[in-house]
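Where a number appears in this text, it was derived from the coordinates with a stated rule and is not lab data. Keep in mind the model is a prediction, meaning the values are calculated, not measured. Ideal geometry is used to build each Cβ from the backbone, glycine not excepted, and the neighbour counts take in all protein chains shown.
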There are 2 protein chains.
Amino acid sequence: MIVRPTLLLDSRRVERNIETMARKVQGEAVRWRPHMKTHQSAQIAELFRHRGVEAITVSSLSMAKYFADHGWRDILVAFPVNLLERELLVELASCVHLGLLVDSPLPLSQLASSLESPVDLWIKIDVGYRRAGLSWDDEKGVLSLAEEIMQRPCFRFRGFLTHGGQTYSAGSPERIREIFRENLDRMNSLKRAFSLRFPRVGVEISVGDTPGCRLAEGWRGVDEVRPGNFVFYDLQQLSLGVCSQEEIALAVACPVASLYPERSQGLLYGGAVHLSKDTFLDAQGRRLYGWVVPLREEGWGRVEEGGGLLSLSQEHGLFELTPPLAASLRAGGLAAVLPAHSCLAVSALGAYQTLDGRAVERLREA
Amino acid sequence: MIVRPTLLLDSRRVERNIETMARKVQGEAVRWRPHMKTHQSAQIAELFRHRGVEAITVSSLSMAKYFADHGWRDILVAFPVNLLERELLVELASCVHLGLLVDSPLPLSQLASSLESPVDLWIKIDVGYRRAGLSWDDEKGVLSLAEEIMQRPCFRFRGFLTHGGQTYSAGSPERIREIFRENLDRMNSLKRAFSLRFPRVGVEISVGDTPGCRLAEGWRGVDEVRPGNFVFYDLQQLSLGVCSQEEIALAVACPVASLYPERSQGLLYGGAVHLSKDTFLDAQGRRLYGWVVPLREEGWGRVEEGGGLLSLSQEHGLFELTPPLAASLRAGGLAAVLPAHSCLAVSALGAYQTLDGRAVERLREA
């Protein structure tokens, strides 16, 4: 029985989402290295293994360790290498095929002197998102970093990796496709420059981002894709036009603490510590923290039956009590919240359970 | 040695902050029931016990259980009662002096039929914050709820409780004092109405919010205060003019992953899952996620030496690399982040450590 905020999984939707992406990736004939940061669950990772996936992406060394402990042997840590975790780096490099990112020559010598086993190195490229990476148009910097990597026998130079997160602020599916194409052009121009300079060295392109991987077709020059969020999707993806609401596979069940019909609002036991404070833009352009819908035995209700999650404090979630919600919720019962961003809701909460009440294990950091 | 995002505590500042608030509360001659949701640590709670505090506030039953297990015997759960956690309610009511909130008559009969031991009941009043509670000007509704409570022998009616969170959006310390005074006026008008109607029944006023408790003087009619955040403070409180930067007692140590001097930015291993996505307004009115400052052996640096935390993804934190930061940070080293909201950073991360490396234990929810 659910008595406090709890992650709920619709396992049929999860399987369908994986199936859909699997077909897409197969059609494009690239390597699939799904990102595990969205679910952080060895059990969900098994669904990928059953489809022949052998290589995965994670976003921290702790996550790499967790999946290594669950039998994964080809793991890419898609975050610029954190030299402070040297001990864990050495341990992981000795037991799995480990991939790391660099975006500057600085860590190379320290990394080389620490490692006892070789690792794959990817150069993180900034294709315009302006978060991490060497800028795609800094050809000179990129090639000189590649050269430095290739000079050291403890590194296997793999190629160029990017996360084109600009797709998350695109205004339409068509714009997402355009951005994705533009990002590929930028990555391919680097690949060409590399191949001209080092004609006998192999070089790969790895790209991420669920919006682009879902919507764009014709992944010219791409060797590997790393989408993650598509396993669950969420309201950010729905509002971008990336998924349908029938594909959202994760919700947070929350106790309904009080209803205030006089001001058309209600209060959930479910706040920032359960849902994170990420937001999405609803159809009217309001910045909201999630969407409250009825929760029934067979699953959660539709967006049309719900209302916006207006504000979050530590444990409080204030929502709009729309007429359909008022008709279906009662104080002392449960509601479901479709999260703005499922990756962060998963990180905020503990173990999942499926709609039919089975527990799903996941990583808990110390 | 710190190798990944870690909560850092300046214990001298914590003790000084508690001392300052203790003097204030003593001067106002009210009961002090500090909120434990900010630190969620039995060890920090002991600092209050040493000052004679016997009554505490928490924001969930899980937190109540944790502090009950650590010897606290007078615990108020400052959140409208969650009837779904009936089992835990019954257990807690049997072993501690338990206080609960209601803001509607709905839960009363179910609560009465579940409980085996009496509990204190407070009526949650909305003084204008519009989050939870019966509106302060709904005198009829409030008195009739009080009457219903008093009719049941399993409840001890205690009085009216509010959290005047409007102070968090005040533009100046003077405005915080005004709002606090106005909130007290509203609570006192309810207390008068109650005493006129039930002249022989005692009724108390309990108020919260760190900004008001810190800045306002003359807590007319107040029986109990429940500030919490003052233990650590944070940038929200600093930007409101509630604390000085020398009073901020919590920071998050984060590895510096990369520096991008060409765009005056840097990247921390430290993202939304470590800091939460809460924000504050800096001196120029920018909405930021925290403030990055140098980290030295003796503690973290001053705001003037730092730069804004511009955006957060799951594990990425992008900050502005101001000239003083560029002079003091290096990739592969550590920086400190002053959080926008310390309560949420504490909830996001695991155990604390003090500046001199001692571990501080805290509640971890399952």
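Using the Karplus curve 6.51 cos²θ - 1.76 cosθ + 1.60 with θ = phi - 60°, what ³J(HN,Hα) values do you get for each residue of the range B:189-205, in whole Hz, with x for Gly and Pro?
Values, residue by residue: 5, 5, 4, 4, 4, 5, 5, 5, 7, 10, x, 9, 9, x, 8, 10, 10 Hz.
Of all the stretches in chain B, which is the longest one without any exposed loop site, taking GluC sites (Glu not before Pro) in a DSSP loop (any state but H, G, I, E, B) with at most 11 other Cβ atoms within 10 Å?
Answer - B:1-115.
Name the residue farthest towards the positive end of the dipole of the protein assembly as shown from the options B:G228, B:H50, A:Y289, assuming +1 on Cβ of Lys and Arg, -1 on Cβ of Asp and Glu, about the Cα centre.
Going by the charge dipole, the pick is A:Y289.
As I understand it, the value is the acute angle between the Cα axis of helix B:139-150 and the longest principal axis of the Cα atoms of chain B; what does it come to in degrees, rounded to 10?
In chain B, helix B:139-150 runs at an angle near 70 degrees to the longest axis.
Along the positive direction of the dipole of the range A:96-185 (beta-carbon charges: Lys, Arg +1; Asp, Glu -1; about the Cα centre), which of A:Y168, A:S144, A:F180 reaches farthest?
Going by the Cα projections, it comes out as A:Y168.
Just to confirm my numbers, what's the Cα centroid distance between the range A:102-178 and the range A:322-357 in Å?
Rounded to whole Å, the Cα centres lie 38 Å apart.
Taking just the alpha-carbon atoms of the range B:305-366, what radius of gyration and Dmax come out, in angstrom?
Every Cα atom of the range B:305-366 included, Rg and Dmax give 14.1, 43 Å.
For peptide B:34-40, compute the average count of partner chain beta-carbon atoms within 10 Å of each residue's beta-carbon.
1
Given H placed on each backbone N at 1.01 Å, which residues far from B:F79 in sequence or on other chains put an amide H within less than 5 Å of it?
B:L101
What nm distances, shortest first, do you get from the label point of A:P199 to those in the other copies when the point sits 7 angstrom along Cα to Cβ?
Here the equivalent label points are 10.6 nm apart from this one.
Report the far tail of the P(r) of the range B:203-281, meaning the percent of Cα-Cα pairs longer than 14 Å.
Details: 2230 of 3081 pairs.
When every Cα pair of the range B:203-281 is considered, 72 percent fall beyond 14 Å.
Over all directions, how big on average is the projection of the convex hull of the alpha-carbon atoms in the range B:127-182, in square nanometres?
4.5 nm²
Once the other residues with Cβ under 9 Å from the Cβ of B:P255 are scored (Lys, Arg +1; Asp, Glu -1), what is the net sum?
0
Using the 10 angstrom Cβ neighbour count as an exposure proxy, how do A:Y168, B:Y269 rank, fewest first?
Details: A:Y168 20, B:Y269 27.
Least to most surrounded, the residues fall as A:Y168, B:Y269.
Using a Gaussian network model of chain A whose springs link C-alpha atoms within less than 10 Å, name the residue from A:G317, A:G332, A:G212 with the highest mean-square fluctuation.
In the Gaussian network model the winner is A:G332.
So, how do all the Cα-to-Cα distances of the range A:237-292 break down into 10 Å bins, in percent, from 0 on up?
The distribution over the range A:237-292 is 19, 45, 33, 3, given as percents.
What three numbers, in Å, describe the spread of the alpha carbons of the range A:35-227 along their principal axes, ordered from the longest?
Reported extents, whole Å, longest axis first: 45, 42, 28.
Mind computing the radius of gyration and Dmax over the alpha-carbon atoms of the range A:140-234? Å is fine for both.
14.9, 45
Between chain B and chain A, with a rotation axis joining them, whose C-beta in B is nearest that axis, and what is the whole-Å distance?
Taking the axis that maps B onto A, the answer comes out as B:K277, 2.
Just how far, in whole angstrom, is the range A:193-207 from the range B:1-52 if you go by their alpha carbon centroids?
Rounded to whole Å, the Cα centres lie 57 Å apart.
Can you list residues from other chains, or at least 5 along the same chain, whose modelled amide H is less than 5 Å from the amide H of A:S258?
Under 5 Å from the amide H of A:S258 lie the amide H atoms of A:L267, each far enough along the sequence or on another chain.
From the phi angles alone, apply the Karplus equation (6.51, -1.76, 1.60; θ = phi - 60°) to the range A:285-294 and give each ³J(HN,Hα) in whole Hz, x where the residue is Gly or Pro.
x, 7, 7, 10, 9, x, 9, 8, 10, x
Take every DSSP beta bridge whose two residues both sit in chain B, then give the antiparallel share in percent to the nearest 5.
In chain B, DSSP labels about 50 percent of beta bridges as antiparallel.
Taking the Kirkwood radius as the inverse of the mean 1/r across Cα pairs, report the Rg/Rh of the range B:245-360.
On the way: Rg = 12.9 Å, Rh = 13.9 Å.
Checking Rg against Rh, the ratio lands at 0.93.
Considering only DSSP beta bridges with both partners in the protein assembly as shown, what is the antiparallel share in %, to the nearest 5?
50 percent
Can you give me the angle between helix A:11-28 and the longest principal axis of chain A, using Cα atoms only, in degrees from 0 to 90, rounded to the nearest 10?
So the helix axis and the longest Cα principal axis differ by about 30 degrees.
In peptide A:82-89, what is the residue-averaged number of other protein chain Cβ atoms found within 10 Å of each Cβ?
Per residue, the number of nearby Cβ atoms from other chains is 5 on average.
Let's test this: bin the Cα-Cα distances of chain A at 20 Å from zero up to the farthest pair and state each bin's percent.
Answer for chain A: a P(r) of 29, 53, 17, 1 percent.
Quick one: A:D74, A:D126, fewest Cβ neighbours within 10 Å first, how do they rank?
Values: A:D74 15, A:D126 21.
The fewest-first ordering by Cβ neighbours comes to A:D74, A:D126.
Can you find, among B:C254, B:S276, B:S62, the residue sitting farthest towards the positive end of the charge dipole of chain B, where Lys and Arg contribute +1 and Asp and Glu -1 at Cβ?
Of the options given, the answer is B:S62.
Show the residues, 5+ positions off or on another chain, whose built amide H is closer than 5 Å to the amide H of B:C243.
Amide H neighbours of B:C243, under 5 Å, 5+ apart: B:L238.
Give me the angle, in degrees from 0 to 90, between the Cα long axis of helix B:86-95 and the longest principal axis of the Cα atoms of chain B, rounded to the nearest 10.
Rounded to the nearest ten degrees, it is 80.
Of all beta bridges DSSP finds with both residues in the range A:35-227, what is the antiparallel percent, to the nearest 5?
Around 0 percent antiparallel, to the nearest 5.
Across peptide A:333-342, how many C-beta atoms of other chains are within 10 Å of each residue C-beta, on average?
1
Which distances in nm, rounded to one decimal and ordered from shortest, link the label point of B:N188 to the equivalent label points in the other identical copies, with labels set 7 Å from Cα toward Cβ?
7.5
Based on a Kirkwood Rh over C-alpha pairs, give the Stokes-Einstein translational diffusion coefficient of the range B:1-136 at 10 °C and viscosity 1.306 mPa s in µm²/s.
96 µm²/s
So, by mean Cβ neighbours within 10 angstrom, what's the order for A:287-293, A:4-10, A:193-199 with the highest one leading?
A:287-293, A:4-10, A:193-199
Report relative contact order for chain A in percent, whole number only (criteria: Cα-Cα under 8 Å, sequence separation at least 6).
19 percent
Calculate I(q)/I(0) for the protein assembly as shown by the Debye formula, one identical point scatterer on each C-alpha and no solvent, and give its log10 at q = 0.06, 0.11 Å⁻¹ to two decimals.
Per q value, in the given order, log10 I(q)/I(0) is -0.37, -1.18.
To the nearest 20 debye, what charge dipole does the protein assembly as shown have about its Cα centre, counting +1 at the Cβ of each Lys and Arg and -1 at the Cβ of each Asp and Glu?
Around 140 debye, computed over the protein assembly as shown.
Place the label 7 angstrom along Cα→C-beta at B:A29 and in each other copy, then list the distances from the first to the rest in nm, shortest first.
8.7
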